[in-house]
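The values are calculated or read from the model by the stated rules, or taken from the named source; none is laboratory data. Predicted model, so just to flag it, every value in this text is computed and none were measured. Glycine also receives a Cβ, built like all others from the backbone with ideal geometry; neighbour counts cover every protein chain displayed.
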Amino acid sequence: MTAVADARPTYLDRTEWTVDDLKDLPEDLNYELVNGRLILPSPTFTHQEIAIRIKLALDEHCPQTHVVSTDQSIAIDNANEPRPDVVVMPVEHIDVSPVPVAGSLLAVEVVSASQSVREMVDKAQAYAIAEIPHYWIIDTHDDQLSLSELTLDPSDGQYKMGKATVGVFKTEQPFPVTIDLPALSTRYAKLRARAGR
């Protein structure tokens, strides 16, 4: 038992993190830094599938000045280097990681059962601090996908709730996009049925 306890990485004992501390992590470790807390995400197939479908919908009308990426670290400040499930970022950053946040148009989070409310609130605050003008939250609760659209209010630097739907989502911001949530929900339900759930 002692050998296992001794093998535990010492970085797991930290409670407060900064971007400078991330150099102590193994290079191949997926992580997020949110409000000084280290998060080690382990998304499911379904989580990743939904993120990819959202990316593909965004790709259709993404302006030439930007690209759509999944699971990309973005540099916000010394206490925040999150990995949105989908991000629309300036094309000049395609070979940079973490990506400088300036010029990013949209961050999308697919809510997993393992994510806490605190994590989602902290991410929203980090994205607002970074002045990402649009933030979408995709929730998979009860096998029916919902999308909540938040838009940054420049007068107070806070997100304001826009549309929230389980139907077909259409928006013109940050560029024209249509996402057929019922079709994605049906796909999700079929995958779960194939898996016996």
**OP:** Within segment 71-93, track down each residue that is modelled with pLDDT of 95 or more and either surrounded by fewer than 23 Cβ atoms within 10 Å (Cβ to Cβ) or assigned to a loop (DSSP other than H, G, I, E, B) (or both).
**Re:** Pro90, Val91, Glu92, His93
**OP:** Can you give me the number of residues within segment 167-197 that are part of a strand (DSSP E or B) and either touching a residue at least 12 places away in the same chain (Cβ under 8 Å) or more than 22 Å from the chain's Cα centre (by Cα) (or both)?
**Re:** 7
Original post:
Restricting the search to segment 122-133, which residues are assigned to a helix (DSSP H, G or I) and more than 14 Å from the chain's Cα centre (by Cα)?
Top reply: Ile129
Subject >> Subset of segment 99-121 [modelled with pLDDT of 85 or more and under 14 Å from the mean Cα position of the chain (by Cα)] >> reply: Val99, Val101, Ser104, Leu105, Leu106, Ala107, Val108, Glu109, Val110, Val111
**OP:** Among the residues of segment 51-70, write down those that are assigned to a strand (DSSP E or B) and over 13 Å from the mean Cα position of the chain (by Cα).
**Re:** His66, Val67
**OP:** Report the residue count in segment 134-163 for those that are surrounded by fewer than 18 Cβ atoms within 10 Å (Cβ to Cβ), assigned to a loop (DSSP other than H, G, I, E, B) and in contact with a Ser or Thr (Cβ under 9 Å, 6 or more places away or on another chain).
**Re:** 1
**OP:** Those residues that are under 21 Å from Val121 (Cα atoms), hydrophobic (A, V, I, L, M, F, W, C) and surrounded by fewer than 17 Cβ atoms within 10 Å (Cβ to Cβ), I need them from segment 33-70; list them, please.
**Re:** Leu40
